[in-house]
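Enquirer: Before anything else, here's the structure in question.
Computed from the coordinates by the stated procedures, all read-outs in this text should not be read as laboratory data. Predicted model, so just to flag it, every value in this text is computed and none were measured. Virtual Cβ from ideal backbone geometry, glycine too; neighbours counted across all protein chains shown.
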Amino acid sequence: MAKVALCEDDPSIRRIVVEGLRHAGHEVVTAHDGREAVTLFAGDDTIAVVVLDIGLPDADGRDVCLALRSAGQVAPVLFLTALGAVHDRLAGFSAGADDYLPKPFDLKELLARVEALARRGRLVTVSSAGDLVLDPARHAIACEGREAALTPTEFRMLAAITSRPGEVVRRRAVVAAAWPDGAMVNENTVDSYVRRIRAKLADVGSPLHLHTVRGVGFSLR
């Protein structure tokens, strides 16, 4: 018995998965797109597992996962996707996913994976990212009514860092979240993006500051 959050835009798939989860005894909360998923799932600490479609109509599910992590949602995430290549799976894990199930899938396997994730859970402590809100649908950040647009790369870098506020997030983890697997990204490029992100955090009046820990990575505090 667990509370499962499902974000799937295909009505037929959503109906089948919801019926299967409820028949197995789980409580289900649903969202139809990325923005609704962040709104409904981010602040709910009773959710045991999040099931996310990657191909959402308004956002990449991996960006939604990053936004949920940055908002403090620590429940294990299972991706549903038609993208089954190795680099796609690696991108999903870099975004914070815990499991990956390609479409088409067998409902019994989905239920087994959800139940395994629910049993495992996560014993972690996540600090709040304050009033900073990440919008995966628009690749934007907002704080106290002020908003700034980010590029997709800036969004993914910042989301990877805000998912662990106060901790030092290693440079390679930030690169893995923001660029395709195997991309050659030099340090000057990363540092240039960091400077732009700092400026946009200042633009929205965020009390959080992005610090570079030389030779290690980045910290938001």
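Enquirer: Put +1 on the Cβ of each Lys and Arg and -1 on the Cβ of each Asp and Glu in the chain; which of Ser12, Leu110, Leu210 then has its Cα farthest toward the positive end of the dipole?
Expert: Of the options given, the answer is Leu210.
Enquirer: Let me ask you something else. Measure off 7 Å from each Cα along the Cα-to-Cβ vector at Ala173 and His87, then give the distance between these two points in nanometres to one decimal.
Expert: Here the modelled spin labels are 2.4 nm apart.
Enquirer: Under 27 Å Cα-Cα from Lys200, which lysines qualify once same-chain neighbours fewer than 8 residues away are excluded?
Expert: Within reach: none.
Enquirer: Moving on. Mind checking which aspartates and glutamates have their C-alpha under 17 Å from Lys103, skipping anything on the same chain fewer than 8 residues away?
Expert: Glu8, Asp9, Asp10, Asp53, Asp60, Asp88
Enquirer: Determine the percent antiparallel among the DSSP beta bridges restricted to the chain, to the nearest 5.
Expert: 45
Enquirer: Put a dot 7 Å past each Cα toward the Cβ at Lys3 and Ala112; how far apart are the dots in nm?
Expert: Modelled inter-label distance: 2.8 nm.
Enquirer: Per DSSP H run of n ≥ 4, the term is -39500 (n - 2.57); total these for the chain, divide by its residue number, and report the mean residue ellipticity at 222 nm rounded to 500 deg cm²/dmol.
Expert: Estimated from H runs of four or more residues: -12500 deg cm²/dmol.
Enquirer: Using Cα pairs closer than 8 Å and at least 6 residues apart in sequence, work out the relative contact order for the chain, in percent.
Expert: So the answer I get is 17 percent.
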